[in-house]
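Some notes on the structure that comes next.
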Amino acid sequence: MDLRGKRGLILGIANDRSIAWGCARVMAACGAELAVTYLDEQAEPHVRPLAEALRAPLVLPCDVRQPGQLEAVFDAVRTAWGTIDFVIHAIAYAPKDDLQGRVVDCSAAGFALAMDVSCHSFIRCAKLAEPLMPHGGCLLTFTFYGGEKVVPHYNLMGPVKAALEASVRSLAAELGSRRIRVNAVSPGPMGTRAAFGLEHFDELLGDAWSRAPEHMLARLDDVGAVAAFLASDGARLVTGNVEYVDAGYHVMG
């Protein structure tokens, strides 16, 4: 996978166990120049050394809940580069009480916040990226099998990821004439910081390992390799898809 000459924005690195970091590491190794973001001042010390390892020229704060921050990131990218080739969106959040409770009990405010951060922020990225992709590009986000089928303890994030996957299809249809491809990657359970917010996450890991035909769990580099392919010219006709990286877990009944 050759990404030399391509420039991309990576949203969602929290630490060296983040899916976004796995993508950034592989994409940089494939030759891409990257801009990265960190959530806030508490996250910056964990992210900046990783950005320096990538030789990222842009390291920017971005909390999509704060008005104007996402727009400021794209403004900085426009000023520095003029255009962009891909955006990696690896952002998700739900309040703990809503995440760990039943969907039927979730609050309106918690549901709205989870949908805003985890789904609508991707739509906002698409809108902001479109004028920076005059020759086409790739928009990529991350989902999970719990958006397709009910997975115990995934709770509120199931409906949220379902909405995200539907948004991927709609954006792919709307932006296809601009040669902007939109896809989602669906890894199996991974030990990221966000995942450990789920109750009984260790049981989910064990179930995925035992049920997957290959009896393996996805690693960061596995996900990064698929992301790099989707951002490459080799995937120029791949859009509107959910690409599974789960050792076949999703095919099992």
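The values are calculated or read from the model by the stated rules, or taken from the named source; none is laboratory data. What you see is a predicted model, and the numbers here were worked out from it, not measured in a lab. Every residue, glycine among them, receives a Cβ derived from its backbone with ideal geometry; neighbour counts consider all protein chains shown. Accessible surface is based on the protein model in full, side chains and every heavy atom, while ligands, DNA and RNA are left aside. Shrake-Rupley method; radii C 1.70, N 1.55, O 1.52, S 1.80 Å.
In the condition set (1) buried (at least 16 other Cβ atoms within 10 Å of the Cβ); (2) part of a helix (DSSP H, G or I); (3) modelled with pLDDT of 95 or more, Glu174 is compliant with all but (1). Pairs linking a residue in the range 89-100 that is in contact (Cβ under 8 Å) with a residue 24 or more places away in the chain and over 19 Å from Ser18 (Cβ atoms) to a residue that is open to solvent by 30 Å² or more (accessible area, probe 1.4 Å) and not in a loop (DSSP other than H, G, I, E, B), with Cβ atoms under 7 Å and 6 or more positions apart or on different chains, are Asp98/Phe111. For the subset of the range 90-105 comprising residues that are open to solvent by less than 70 Å² (accessible area, probe 1.4 Å) and β-branched (Val, Ile, Thr), which member is nearest to Cys125 (Cα to Cα)? So, considering only residues that are open to solvent by less than 70 Å² (accessible area, probe 1.4 Å) and β-branched (Val, Ile, Thr), the one nearest to Cys125 (Cα to Cα) is Ile91. Here is the figure for the range 61-75: residues that are in contact (Cβ under 8 Å) with a residue 40 or more places away in the chain, assigned to a helix (DSSP H, G or I) and surrounded by 16 or more Cβ atoms within 10 Å (Cβ to Cβ) total 3. Applying the condition of being of a type in the set (A, V, I, L, M), assigned to a helix (DSSP H, G or I) and over 17 Å from the mean Cα position of the chain (by Cα) to the range 26-50 and asking which residue is farthest from Gln69 (Cα to Cα) yields Ala29. Restricting the first member to the range 110-129 and to residues that are more than 15 Å from Ala172 (Cβ to Cβ), and the second to residues that are among the aromatic types (Phe, Trp, Tyr), the beta-carbon pairs closer than 6 Å and six or more apart or on different chains are Val117/Tyr93; Leu128/Phe74. Taking (1) touching a Pro at 6+ places or on another chain (Cβ under 8 Å); (2) modelled with pLDDT of 90 or more in turn, Met252 satisfies each apart from (2).
Of Leu70, Leu58, Leu99, which residue is under 30 Å from Arg4 (Cβ atoms) and out of contact with any strand residue (DSSP E or B) (no Cβ under 8 Å at 6 or more places or on another chain)?
Values: Leu58 fails: out of contact with any strand residue (DSSP E or B) (no Cβ under 8 Å at 6 or more places or on another chain); Leu99 fails: under 30 Å from Arg4 (Cβ atoms).
Selected residue: Leu70, the only one of Leu70, Leu58, Leu99 that is under 30 Å from Arg4 (Cβ atoms) and out of contact with any strand residue (DSSP E or B) (no Cβ under 8 Å at 6 or more places or on another chain).
Considering the range 1-54, the residues that are polar (S, T, N, Q) and without any contact (Cβ under 8 Å) to a residue 40 or more places away in the chain include one that is farthest from Pro187 (Cα to Cα), namely Gln42. The condition of being modelled with pLDDT of 95 or more, crowded, with 16+ Cβ neighbours inside 10 Å and not hydroxyl-bearing (Ser, Thr, Tyr) holds for only one of Ala51, Ala80, that being Ala51. Set side by side, the residues Ala108, Ala129 differ, and just one is modelled with pLDDT of 95 or more, open to solvent by 60 Å² or more (accessible area, probe 1.4 Å), farther than 23 Å from Val245 by Cα and of a type in the set (A, V, I, L, M, F, W, C), which is Ala108. When Arg236, Arg181, Arg211 are checked against the criterion of being more than 23 Å from Ala94 (Cβ to Cβ), surrounded by fewer than 18 Cβ atoms within 10 Å (Cβ to Cβ) and modelled with pLDDT of 95 or more, Arg236 stands alone in meeting it. Restricted to the range 229-250, and to residues there that are within 16 Å of the chain's Cα centre (by Cα) and among the small types (Gly, Ala, Ser), the residue that is nearest to Ala28 (Cα to Cα) is Ala231. Under the condition of being of a type in the set (D, E, K, R) and within 17 Å of the chain's Cα centre (by Cα), the residues counted in the range 204-228 number 3.
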